[in-house]
Every structure is written in C-alpha cells, then in structure tokens.
Amino acid sequence: VRPQNVELHNLNIQDHFGGIHFEGGAGVYISDLVMFGGQFYGSVQPGSYLLKFSSAATSGANEMPAEYAIANFNIKANGAAYLEDGIVIEASDGIWFSTGHVGFTSAAALRVQPVNATDSLNGLNFSNVHFDANFNTAKGVYYTEASLGFHTGACFGHTYTGCQFSLFTQEGMRLQLDSLDGMSITGGRFNTNDQWAIRMSRGSGLAITNCVFKDNGNNLAGSGHVLFENDASNCKVDGIFRATAYRAVQIAGTAANILIDGIFNGITFEDVFTSSSNENISIGGVSDKSRTLASSAELQIPIFGTEFTITGNTNITSIRDSATRSEGRIITLRFNSTPTVVDGGNLVLSGNFVATPNDTLTLRNMNGAWLELSRSAN
C-alpha cells in the first residue's frame, strides 16, 4: 500500500492466486520478473491475477499508482489457464511496461477496468510486450467498466509500441470504455485471433499506425481484422492487412469520423465494409485483390477501390448510394460480358451503354448521381 521509491529485482514468484498487488504509490521500479501462477489449480479461480494496480483505499498522497516501471518480465498462468487475468489495472497515473511476455490466462492478458468512477486511468505505456493467449485466453487487451458511462475520470495517453497480440479466442484488443480518449498503437502485430484483432465499441481518439494484421477472424462472417462499432469515434487506422480474414475493416452502427489507409492483400469478402449511418469516413490505400462483381439491376460497389470487373448479363439501372460513401469518387467498370448500363435514375450517361467484353465505363459520383466521364469499346 502506497509504496514509494521501491526497487524490486530478480523476482521469481510461483503458484499464486494473486501475484503482486500495488495500491497507489510512486517511484516503483521492477526488473527481471518471472511469475508462473496456478500450477496446482483445477479450475479457473475468479478474481485471480498475476499483477494488479489499484488506487489506495483512502484519498491522500500517492493515491494512484504513479511512476511505475516494469522491465524484462515473463508472467503467465499454467497451460490450462486457471488464472482469470494477467495484468489488472484499476487506476494509473503513469505505468510503463517494457520488454515482456504476459499470457496463458483465462479471461484477459491485460484488463483495464476502473472500480471507482473518478479514478485516474492516465499514462499506460507498453513497449515490446507480447500479449499471448496460447489458445486459452478470451481477450488480449480488455478495456471495460461496470456499466455504460460508469467511469467519469480521465483515461488518456495510452501507448502500445512494437507489441504483439496473438492466438486469442475472441479479440486481440477489445475497447469498450467510454472515457477512453487518446490511445496509440504503433508498429504492432496482430495475428491468429479468432474473432477480431481489434474491436472498438466505445471511446475516442484511437490511432493505429504501421501495424500488421494477419489471419484474424478465421475467415468467418462477422469477423476480421478491425471493427469500429456503436460509439467509437475519431479514429485512424493504417497498416498491412493480409489474408486470411473475412473483412479488413468494418464500420458499423453510429461509429463516426474514421480514417482508414493501408495495403489490403487477399481479404476474402471486402477490404472495407460499412453499415455506419455516419458519412465522415475516409478510405485510402491500395490492394492487389481482384475485384470482380456480378452485374445486377442495383449494382453494389464496395466502399474501397476504383476499378472493378463486371460479370454477367443482367442490365444495370442504378448504383446503390449507401455503398459509395464518397463525393467525387471515380470508378471504372470493365465488362467481360454484354449487360446494358441504362441511362436514368442515378446513372447520368451519354445514352445507354451496351457493353461487350473488355469495354470500360468510367463514372464520377456527384451529389449522389453517377456521371459518365468516358466510355471505350474494346
């Protein structure tokens, strides 16, 4: 309780229900830490953990854990994941983790969950940490709270640099904390997480930069690399998105103000899919995926991409507005059969376009209408 100016080095702690619990304090330095808990438990122990940080029971000096530094650590549960969580953070005013491994628990490798509504959750920093499920743990990094809007304190300045999130049975990172406002994930790797690499339902100001996403979602519908949903807002994600995944990025519900850029390679269904009601969504990047669409009366163009190959002979009479999301967007349609693109509705053409194989039609979106820029008969 309220440790101050404390150094702990070369620790080896085993077979515990609760590893080390810090309540408040300042100036704590820990290095070369090995923890292996729950070897002799026969089931998951509710409330168990490896490391825990919380506020002191009474207000006063050093109430929040501040100026903590933990370096060179390997902390994990036994292979059967009988400890509930790895690292639990209920309050923080500056905690730094560097060069470590945490995992093999049941619920989460890292749980950030305030138990007091106004406690500070500022300044969490992780550098070169491997969050590892070993196919046991549900969630890698889990931000949550007792109820919607419970935490009214500050939650700002969280960084994850060069970290890896792998083999979780649900999400590599799950963010559903309203007070979260400002997190950066830089140079990370997310791989082989069963549902999503990152799923953000609440919070704001997430910046994901230069990350690699690979084999997340098991190629199943309703899964993929990154999901922004509900009240997530003011976020940016760029990186390399690789197979196998059902979707690279999905934006749903009222998620707003999302900027996406990156390299998309081999995603199965769509690189970027949105069912969000908010229009402030910007898509960039390149892809080497073949973009082939079947002709239909109402052609649905994916939100990402500029060139599409159209198969089949069904006449096209409109392009679905909700799929475009970008005023001024220019697309080129290349045909491998003989449909007719009909002048009318939201298609403003220089007369009907009767396609033959290898013909192209280039259109520009203006005020919800698709205006013909050029056509070619090849």
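Pairs of C-alpha atoms in segment 96-144 farther apart than 13 Å represent 61 percent of all such pairs. Each residue of segment 364-372 was assigned a 3J(HN,Hα) from its phi angle through the Karplus curve 6.51 cos²θ - 1.76 cosθ + 1.60 (θ = phi - 60°); the sequence is 10, 7, 9, 6, x, 9, 9, 9, 5 Hz, with glycine and proline shown as x.
Using θ = phi - 60° in the Karplus curve 6.51 cos²θ - 1.76 cosθ + 1.60, the 3J(HN,Hα) couplings for segment 177-185 round to 10, 4, 6, 4, 8, x, 9, 10, 10 Hz; x is entered for Gly and Pro. Between the amide H of GLN164 and those of VAL129, HIS130, PHE131, ARG189, distances stay under 5 Å, these residues lying 5 or more places away or on another chain, with hydrogens modeled in the peptide plane.
Taking the DSSP beta bridges with both ends in the chain, the antiparallel portion is around 10 percent.
A full extension of the chain between ALA297 and THR338 corresponds to an added length of 13.4 nm, given 0.36 nm per residue minus the alpha carbon distance. Hey, in the GNM for the chain with a 10 angstrom Cα cutoff, which one of ASN336, ASN257, ASN78 fluctuates hardest? Of the options given, ASN336 has the highest mean-square fluctuation. Only protein atoms count toward the accessible area here, which uses a 1.4 Å probe; on the chain, the carbon and sulfur part of that area reaches 49 percent. Close Lys pairs in the chain, defined as Cα atoms under 20 Å apart and 8 or more places apart or on different chains, number 6. With kT/(6 pi eta Rh) evaluated at 25 °C and eta = 0.890 mPa s, and Rh the Kirkwood radius from Cα pairs, the chain diffuses with a coefficient of 109 µm²/s according to Stokes-Einstein. Near the amide H of GLU63, within less than 5 Å, lie the amide hydrogens of GLY25, all on another chain or at least 5 residues away, with H placed in the peptide plane. Per-residue Karplus couplings for segment 101-109, computed as 6.51 cos²θ - 1.76 cosθ + 1.60 with θ equal to phi - 60°, are listed in order as 9, 9, x, 6, 8, 9, 8, 8, 6 Hz, Gly and Pro entered as x. For the chain, the solvent-accessible area with a 1.4 angstrom probe is 38 square angstrom per residue.
The values are calculated or read from the model by the stated rules, or taken from the named source; none is laboratory data. In this text, all values refer to a predicted model and were calculated from it rather than measured experimentally. Areas reflect the complete protein model, heavy atoms only, side chains present, ligands, DNA and RNA absent. Shrake-Rupley method; radii C 1.70, N 1.55, O 1.52, S 1.80 Å.
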